[in-house]
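Note sheet for the following structure.
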Amino acid sequence: MSSKNLCVFALLAAPFLCIGFYVEEYYPPAANSRWTGAWGLIYMTGWMASLVILQRHKLTGNNRYSRNITWLVVYTLILANISNLWQLMAPTYKPFIFWMFDIGWPLGNILMLIVGVAVLRANRLRGWKRWVPLVVGLWLPFSFAVQDTPLGLHLSSIYSLVGCSLLALVLYRETTLQKDTDNCISA
């Protein structure tokens, strides 16, 4: 799949965590239902698309550590998506192994902080854009910080929506610029 299409998919998938939070908050029968698995699966697959683009365009750097940390986040999200598929198929059956897969999403969030630092160090995105992957990685700490406030759910949801959408848009622009540069070089 082209980087441009991956960016579009990441942008379309970005709102699904926010949607899931609001649906579960305001329509309690949907909480921990098949829907939880569906929007989790879409959201995390979009996040993986963004990571593939970061890797493909070497935006985390070109050394082995930078490449590996990006793939490590992808692997944790694959584990999390196994739990999302499980949730889709058997929403009430959650043995210990389900929780072992489900641990992938907080691990992915923690490791995304390292990816964000790698993007900063690689300095391949310019200006404010190089901070966006770190902003995405800060979602989990931010969510913990605001969870007990009256607006905690709203702040966390909006943060996720804005952060992941902004990452997809920055990556879309970056891949478009790289393609234009490549075309100028080959012409």
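Every number here is computed from the coordinates shown, using simple stated rules; none is lab data. Remember, predicted model here, so these are calculated numbers, not experimental data. Neighbour counts run over all protein chains shown; Cβ positions are idealised from the backbone, glycine included.
Summary table
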item: Positive-end extreme of charge dipole, the chain - chosen from Tyr26, Trp39, Trp105 (charges on Cβ); result: Trp105
item: Net lengthening on full extension, Thr92/Arg64 (0.36 nm per residue, minus Cα-Cα); result: 6.0 nm
item: FRET efficiency, Asn123 to Ala38 (Cβ-Cβ, R0 22 Å, nearest 0.05); result: 0.05
item: Gyration tensor verdict on segment 14-111 (Cα atoms; rounded if a/c is under 1.5, prolate if a/b is larger than b/c, oblate otherwise); result: prolate
item: Cα coordinate range in the chain, projected on the principal axes (Å, largest first); result: 57, 33, 27
item: Additional length obtainable on full extension of the chain from Val8 to Asp148, 0.36 nm per residue less Cα span; result: 47.0 nm
item: Helix-derived mean residue ellipticity, 222 nm - over the chain, DSSP H n ≥ 4, -39500 (n - 2.57), to 500; result: -26000 deg cm²/dmol
item: Dipole magnitude of the chain, debye to nearest 20 (Cβ charges: Lys/Arg +1, Asp/Glu -1, about Cα centre); result: 760
item: Karplus 3J(HN,Hα) series, Hz, for segment 160-168 with 6.51 cos²θ - 1.76 cosθ + 1.60 (x for Gly, Pro); result: 4, 4, 5, x, 6, 5, 5, 4, 4
